[in-house]
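Read through the structure below, which is laid out as structure tokens, and then see the notes.
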Amino acid sequence: MAKKLLRKILYWVLMPVRVLWEFNKGFKLYYLRGIQWELEELENVFALLLLGSYVGIPNPPVDISYRLLPHMVREIYIMQKKSVNSLTIKTGWLNV
């Protein structure tokens, strides 16, 4: 009987802690997704700056581009992968 009463008391005492814990986990997930999206966008801008001559944007000096090119291996791989894909609703007529 005493165990049941103790469990019931602990349940109601710890309930606000559990609610706040889950609330905190939700916020962390939301902000981590936002940070991941921001990182992807910054990588896209970085790639556009280095390889912008392909789309007509003036590019930085060649020596800077050559020094930064090893950091672009992943981006170049993604660009090649996207360019092989067929047309979809997302890519539309641009075939991006």
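Taking the fewest neighbouring Cβ atoms within 10 Å as the starting point, the ordered list for S53, S65 is S53, S65. Fewest-first ordering of M15, M1 by other beta carbons within 10 Å of each residue's beta carbon gives M1, M15.
Neighbours of M1, meaning other residues whose beta-carbon lies under 14 angstrom from its beta-carbon, give a summed charge of +4 when Lys and Arg score +1 and Asp and Glu score -1.
Within the shell defined by Cβ-Cβ distances under 12 Å, the residues around F46 carry a net charge of -3, with Lys and Arg each +1 and Asp and Glu each -1.
One decimal place: the segment V62-R74 gains 2.3 nm when fully extended, by the rule 0.36 nm per residue minus the C-alpha distance. Placing R0 at 41 angstrom, the Cβ-Cβ distance between L39 and W12 gives a FRET efficiency of 0.45 after rounding to 0.05.
Projecting label points 7 angstrom from Cα along Cα→Cβ for M1 and S53 puts them 8.8 nm apart.
All of the numbers you see were taken from the coordinates with simple rules; none came from a lab. Quantities reported herein were computed from a predicted structural model and do not represent experimental measurements. We place every Cβ from the backbone using ideal geometry, glycine too, and count neighbours over all the protein chains shown.
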